[in-house]
Amino acid sequence: MNQRIGMVTGGNRGIGLEICRQLAGLGIKIILTARSSPAGEAATAELRAKGLDILFHQLDVTDGDSVGRLVRTIDQDIGRLDILVNNAGIYIDRGISPLDLDLDLVRQTMETNVYGPLRLSQMVIPLMRRNRYGRIVNISSQMASLNDMGGRALAYRISKTALNAVTRILADEVHTDNILVNAVDPGWVRSDMGGPAASRSLAEGADTATWLATLPDDGPTGGYFRDRRARPW
C-alpha cells in the first residue's frame, strides 16, 4: 500500500500539533498547515527533528484562493490526499451573553469553524474519490451537543453544532466512496484555547481524532465521538 497522506489544519499548536505528531508516528506523511508561516514552519521543524515525515504549507481556511492553491499543489506534487483533519478553529465570544453579542463575531466564527471545513472538504473529496479512500475528521466540541447545550458563547456553540450537521450530511453524500466522515469532541483540553486548568492532556484530546483518521473501511461514519465512543448529538 502506498504511504497514506494526511493534512491537518491549524497544526502549529495545541490539539492540531498533537494530531500531526500522532498520525506521523503511525507512518503517515502529514501536511501541517497554519495561517502563520513562521509558526507553521517552527512546528514542522520541531516534528521533523523527531524523525517524523512532515511537510508545511501555509493555509488560511477562510480564504478560498488559499484553499484552492493548496489543494492544487497537493494534486500536482503528491497526487493524492487520504486524510483531512479540520482542526483550525476560533473561540472569540468566550463569556459573552448572546444578548450582547456582536453579529460580526458570529460571522467570523462561522467563516473559520464551519465554512472553512466545508470548503476544504468540497475540494479534497474529488482527490479521495479518485482512489476510493478518504477519512475526514472534524474537530467539534463538547459545547456543540444539543443534548447538553448551555448559555453564553453562542457563536462558538452554534458553529460547532453546525459543523456536526456538516459532518452528517457529507458522510451520507460520500458513504459509497469509502470516505468516512466523523466529528470529534476532544473534551476540555489543556491548550491555548482550553487553558491550563483543563482536565485533559493534549494526547488524550487528540487520540480519538487519530483513531477516526485511521479507521478501517468498515468503520463508522457520520458519528460524533469522544474517547472513541459515540456521544449524544
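Derivation of every value follows stated rules applied to the coordinates shown; laboratory data play no part. Quantities reported herein were computed from a predicted structural model and do not represent experimental measurements. Glycine also receives a Cβ, built like all others from the backbone with ideal geometry; neighbour counts cover every protein chain displayed.
Figures for the structure shown
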{"quantity": "For Glu111, Glu173, order by how many other beta-carbon atoms lie within 10 Å, fewest first", "calculated": "Glu173, Glu111"}
{"quantity": "Relative contact order (percent, whole number), the chain, Cα cutoff 8 Å, 6+ residue spacing", "calculated": "19 percent"}
{"quantity": "Length added when fully stretched, Leu146-Arg94, from 0.36 nm per residue minus Cα-Cα", "calculated": "16.9 nm"}
{"quantity": "Residue exposure sequence - His57, His175 - by fewest surrounding Cβ within 10 Å", "calculated": "His175, His57"}
{"quantity": "Neighbour cut-off at most 15 other Cβ (10 Å), DSSP loop, trypsin sites (Lys or Arg not before Pro), region 109-167", "calculated": "Arg132, Arg152"}
{"quantity": "Fewest-first sequence of Asp65, Asp82, Asp172 by Cβ atoms within 10 Å of each Cβ", "calculated": "Asp65, Asp172, Asp82"}
{"quantity": "Using distinct alpha-carbon pairs, which all enter the 1/r mean, Kirkwood radius of region 1-144 in Å", "calculated": "15.7 Å"}
{"quantity": "Cβ crowding within 10 Å averaged over residues, with 200-207, 39-46 ranked highest first", "calculated": "200-207, 39-46"}
{"quantity": "Pairwise FRET efficiency - Asp218 versus Asp77, Cβ, R0 = 22 Å, nearest 0.05", "calculated": "0.10"}
{"quantity": "Ellipticity estimate at 222 nm from DSSP helix runs (n ≥ 4, -39,500 (n - 2.57)) divided over the chain, nearest 500", "calculated": "-13000 deg cm²/dmol"}
